[in-house]
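Notes to accompany the following structure.
The values are calculated or read from the model by the stated rules, or taken from the named source; none is laboratory data. Since the structure is predicted, the reported quantities are computational estimates derived from the model, not experimental observations. Note that each Cβ is placed from the backbone with ideal geometry, even for glycine, and that neighbours are counted across all protein chains shown.
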Amino acid sequence: NAGVTQTPKFQVLKTGQSMTLQCAQDMNHNSMYWYRQDPGMGLRLIYYSASEGTTDKGEVPNGYNVSRLNKREFSLRLESAAPSQTSVYFCASSTRTVRSNYGYTFGSGTRLTVV
Amino acid sequence: AQSVTQLDSHVSVSEGTPVLLRCNYSSSYSPSLFWYVQHPNKGLQLLLKYTSAATLVKGINGFEAEFKKSETSFHLTKPSAHMSDAAEYFCVVSQANAGGTSYGKLTFGQGTILTVHP
């Protein structure tokens, strides 16, 4: 009953350091997403992958890169962390078709602090 | 384009009284609408979803929401609040494209923090 697994759960970085957030899903979903959550702003889409082999920018992609490694895994990379990237990051996955009774599953989040 | 506006950033109720969390949306095509709840330092939990079936949607923990296309609203209600309902609630829209499919990108509202007083 794993669903969407994110690692790490917590991370502290110094400004300028790099890191990769990992995400894996075991539901055979086609689409995967990375969101960030900041107080009073809801969740905002950073990048998404509609299917294996494709990635696209979301609402706030600057400072991030992603890799859809295979159908299961979708990683988010911060090449040079900045304090403005302090946030809670959520990975999610979904089946492709909205009109079906599709599922949209979130991971438990990664709390990142950049000092 | 799609957008969501949650009309109240904070709502405070007494235990046992009704809850109303207001949400208006904007969408070019037929939307799917969701309410998620997030308890402090926890992940997101789906309360209910509307995907073009019945306009009155029942969710978990006694919550329900009504899709009103004419008013572009999807307000969340509960007849009697419980202390455990205290959390942040997000109204979310996902828009189907003209072909009737979508990659499922979600647009979140800013959130409403619900406080429940004894």
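What do you reckon, is residue B:76 out of contact with any Pro (no Cβ under 9 Å at 6 or more places or on another chain) and at the interface with chain A (Cβ under 8 Å from one of its Cβ atoms)?
Judged against the criteria, residue B:76 is not a match.
Table: residues versus (1) hydrophobic (A, V, I, L, M, F, W, C); (2) in a strand (DSSP E or B); (3) in contact with a Leu (Cβ under 7 Å, 6 or more places away or on another chain); (4) modelled with pLDDT of 95 or more.
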residue: B:46; (1), (2), (3), (4): yes, yes, no, no
residue: B:53; (1), (2), (3), (4): yes, no, no, no
residue: B:67; (1), (2), (3), (4): yes, yes, yes, no
residue: B:71; (1), (2), (3), (4): no, no, no, no
residue: B:74; (1), (2), (3), (4): yes, yes, yes, yes
residue: B:80; (1), (2), (3), (4): no, no, no, yes
residue: B:94; (1), (2), (3), (4): no, yes, yes, no
residue: B:100; (1), (2), (3), (4): no, no, no, no
residue: B:113; (1), (2), (3), (4): yes, yes, no, yes
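Being under 25 Å from residue A:2 (Cβ atoms) and in contact with a strand residue (DSSP E or B) (Cβ under 6 Å, 6 or more places away or on another chain) is the filter here, so list the residues in the stretch A:33-51 that pass it. Give the derivation first.
Going through the stretch A:33-51, the residues under 25 Å from residue A:2 (Cβ atoms) turn out to be A:33-37, A:43, A:45-51.
Correct list: A:33, A:34, A:35, A:36, A:37, A:43, A:45, A:46, A:47, A:48, A:49, A:50.
Conditions (1) without any contact (Cβ under 8 Å) to a residue 60 or more places away in the chain; (2) within 14 Å of chain A (Cβ to nearest Cβ); (3) closer than 16 Å to residue B:106 by Cβ; (4) hydroxyl-bearing (Ser, Thr, Tyr), marked per residue:
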residue: B:39; (1), (2), (3), (4): yes, yes, no, no
residue: B:42; (1), (2), (3), (4): yes, yes, no, no
residue: B:49; (1), (2), (3), (4): yes, yes, yes, no
residue: B:70; (1), (2), (3), (4): yes, no, no, yes
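Being exposed (fewer than 15 other Cβ atoms within 10 Å of the Cβ) and modelled with pLDDT under 95 is the filter here; which residues of the stretch A:11-37 pass it?
A:26, A:27, A:28
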